[in-house]
Structures are given as structure tokens and as C-alpha cells.
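Contents: one structure, followed by commentary.
The values are calculated or read from the model by the stated rules, or taken from the named source; none is laboratory data. This one's a predicted model, so the numbers in the text were calculated from it and none came from an experiment. Note that each Cβ is placed from the backbone with ideal geometry, even for glycine, and that neighbours are counted across all protein chains shown. These area figures cover heavy atoms from the full protein model, side chains too; ligands, DNA and RNA do not enter into them. Shrake-Rupley method; radii C 1.70, N 1.55, O 1.52, S 1.80 Å.
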Amino acid sequence: MTAATTAVQTGRAPLGSRIVSAIAPHGWSGLGVLWLGILLLAFVLPANGVTSAFLKGSAATAFGAIKDALLLGLFILVIVTGRIRRVPVPIVVIVLMIVSLGLVSGAWTSSLTQAAYGWRNDFLPFLALIVTPAVLDRRHVPILATVFVVVAQIAAITTIVTWSQGLKWLFTLGVFPVPEGEPFPSSLFVAGSIVPRGFSPYTAPNESAAVATMMLAVLWTRPRWPLWLKAGLTVLPLVAIYLTQSRSGYIGLALLAAALVSWAIFRSRPEMTWAFLTIVAAAGVAGITLYLFIDKVVSHIADPSLIGHSDSLLENIPFLVTHPFGYGLGMVGPRALNYSSDAILVESFFLLLAIESGILVMLLFGVLLVYLFQGGVRARTLDGFLPAAVIAASIVSFTVLPTLQEGPVAYTLWILCGMGVVAARAGGPSRPVARRALSRAGGLSTATAAVPTAAPTDAAETGGATLDSAPPSRRRRELAGASGEGHDGRRGSRRGLRGPGDDSA
């Protein structure tokens, strides 16, 4: 008896077939390998800051552009192959409007190069929210999540090791001595301290804290990972966030914990969730208000950083009135200093979008966040809750800081939200499967009248046909999958035929 025959009789394909199917579920000729581009980004993003610092000139620029070229290439393929139909229409419409209006605001920028640089930093990452759910299948989500968690552990170790070197690490990176004419990197220090904050492998402490908090959201939304494993893998990112001394990171941790608790409440008492979220939202608004205006209330103990946040907000809000359609692409935020010494420095990504490209873009950004958050709250599976968890973990950071102007942070946010969209899509409503279809597929008992199974995610994944109308061989693949997993990531067995609502932590 051959290995293949044994695999068929036991309902599982050989290991090699399962691996190939996981990599290219639609076949190599069907461009099922596009998801490997997202997998590559998971490794490239954390290395962007440190690698670019060690490389010089065009080499550093080329490495930083890898993620952008990869995303643009994937986006073009998504359009050409029609995979964009797999993405929820509201996401496609809102993202394309944001990206297009960003391009329009380039008309107010005198330098084409500066406008292109601004669009690359502020608007290009939004396309990851279209590309990710377009190229990912349900089986890819746990693979990517595991990779992100592993990479987060490596990044946390890097933060701890480099922080222990203190000022020596800043000399190694070339930050010190500060070149003549360049501003002192005050963001790397807390006022009154000569010990640098933790930040590597990212470019700055707040960005490092934001990504680490989002990685914790990925970890704690793994539905089948045991509690002891999650707790153990939480230690290093928590230490890294503490070393960044990022207050937005600390608040993000608190909101992430509140969001996860709200999910647990929703599972047991749905009617209590909105009351809980209302309390959390009120506390968040109150905390942010105090965070921004504490220098106006208790100025005798004000931190210079808090004063800077407050002054930035108060000084730049008038630009919304004088330039309601945008001040100019690439002319706002710290990245704009690469081209102009009189750039508008603003301490909020919301305000950055509004000043740079108009109030409408800022409103669309807010609508996108609300849509993703609601989709996460309504998801039937814990990994489908990921968009809500990630937004809760990072919203304070990009509300009071321009952290999303850094590519690694923005890419991470939108890729994770896209993964959550895929997981929620696969965990949609159940539907009965005919007894005869189950009998032909796996020889299940005819005593079962109907067994719920996950509905196909969309026509693009099922070829436009339902399970019952497919040929017998196709039905077997849909139920068990060539890799031994169905579309919802479970093994092809009786246990795998449970409803998606049963897949919880």
C-alpha cells in the first residue's frame, strides 16, 4: 500500500501536498502564490529602520523602497486578475477615495518629487488593506499570524539588547555625533534623562511601542493557542514597550486589554458589550484630552513633550479653515523636513491628513476605522476580532502622534486589519450541507440530517460554484482541502465540520 493510498484512505493528503496547497491553494498557474508577497513584508517591515540606518545613500533608499514596490506590484496583479472582487466593497471604495484624493492634493505642491515622496509615505500603505484580503485565503491567516508573533519576539529582543547598550548604540547607528545643521534627536530621550529610550529595530520609540502593541493584539486573538503560551510570548513585547517609555504605548496596552475583555463579554452577554465600549470610549477621550492639554491645567508639572503635543494641535487647527482642500502633498509631518525646512509639523496623523489633503480625507480615514472596528466586533471568531483589537491598540498612538507616516507602522496596521477581514469572512453564517454530499465526501453516517459547515468566502474562492453543485472530487477538496484543512483552517474531519462560532480560545 503506497503512502498516497494511505493518505486518501485516512482523509489526509501527504505532507508535501499539504505544504504546496498551503503555499498555492489556487495553483501556481492561478497566482495563488501572491500571498507570499505579504509573507515577505512581515520579515521586511521590522528590518526597515535599522537596515536603512546602516546602508548608505541609494542602497538605503532602495531597501526602503522594497516594501513599496512589492505592494504596488501586488496591487496591480490584484486588479488584473480580478481578485479585488474578494475585498469588501466599502473597503475598496473608501481606500481608493483616500488614495486618489491624496494624489489630487499634489497639485498644491510645487515639487513633483516632494509630492511623490509624500504620497508614498502617507497614502501608499492604505493599499495594503485592499491587497491583503484579495490575496489571502483563510488557511494563510494562522501562518501569517505565527510569523508576525515570531518576528515580534525577535524585534523585542533587539529592543532590549540595543537599549542595554545605551548611547553606544546611537553612535553605532550613526545618530551621534549629530551632523552639523541637523536637529538633536530629542525624541529618543525623556526630558531630563541621558539614557536613550528603547526603539530599535524601528526608527523611534513611539513607533516601536505602537507596533509591539499591535503584535500583542495578534497574539491574543489566536483562537486555539493555549493561555500559557500567550502569556509566555507576551513577556518580551511588554518589556520592550516599557523600555520605549511611550505613554501612547501604555495607553494602547490598556485599550487593547479593554477591547479583549469586551470581546469576552460579547461572547457571554452581548447586550453588555456596547455599554462596556461606551465606558471605554469615554475614558479614552478623557485620557487623550488630559494628555494633550495637561500643560494648560497643571503647567507647573508639565512635561515638555506634553506641551509640544498640545501646542502642535492648537497651532495647526487653523490650517483646516484656511486650507480645507489641503495644503499640499508631502508638505506636512516630520518626513516633509527631508525636502523643506518650513514643513508643517503636526502631532496627529488625523490632523496630518486633514492639513495635507483636506478635511474630507480625514473624515474618510475616520469612517474606514469605524467600519473595520465594527466588522471586528461583529466577527464570530476571535481572529476575526483582530481589526478591532489592532485599532484599539494603536488609535491613541496615531491620534496624538504622526506614527502612521512611518511605513513599517502603517503597513503593519493595514496588513493585520486585512488578515482580520479574511478571518471574519471565513467565519460567516453557516449553512447546511446535504447528507448525500457528506456521504460521498467522507462516508459519514447517514443518521445525521444536516451538519453546519463554513460557507464559502466568496465566488473568487469557490470558483463561483457552491459545494453541492461541484463534482465529487471538488466536493472532497472543499471539505477537507488538499492540505488537510478546510477554508476555515480546521482539519478535514468531523471536528472540522463544526460551525465557525465554535472556534474560540
Gain upon complete extension [Leu229, Lys56; 0.36 nm per residue less C-alpha separation]: 58.3 nm
Distance in nm between pseudo-label sites at Ile154 and Leu40 (7 Å out along the Cβ direction from Cα): 1.6 nm
Simple label model, 7 Å out from Cα along Cβ direction - Ile66 to Leu360, nm: 3.8 nm
Around Val261: net Lys/Arg minus Asp/Glu count, Cβ-Cβ under 13 Å: +2
Cα gyration tensor, segment 96-177 - rounded (a/c under 1.5), prolate or oblate: oblate
Segment Tyr339-Ser186, length gained on full extension (0.36 nm per residue, minus Cα span): 53.0 nm
Per-pair calculated FRET efficiency, R0 = 35 Å: Val370 and Ser164 via Cβ, rounded to 0.05: 0.25
Cα gyration tensor shape for segment 146-191, rounded if a/c is under 1.5, else prolate or oblate: prolate
Cα→Cβ-extended label distance, 7 Å offset, between Leu103 and Ala264, nm: 4.7 nm
Overall form of segment 61-213 per C-alpha gyration tensor (a/c, 1.5; a/b vs b/c): oblate
Solvent-accessible ranking of Thr244, Thr61, largest area first, probe 1.4 Å: Thr61, Thr244
Accessible surface, 1.4 Å probe, highest first, among residues Lys230, Lys168: Lys168, Lys230
Largest-first ordering by accessible area, 1.4 Å probe, given options Glu180, Glu347: Glu180, Glu347
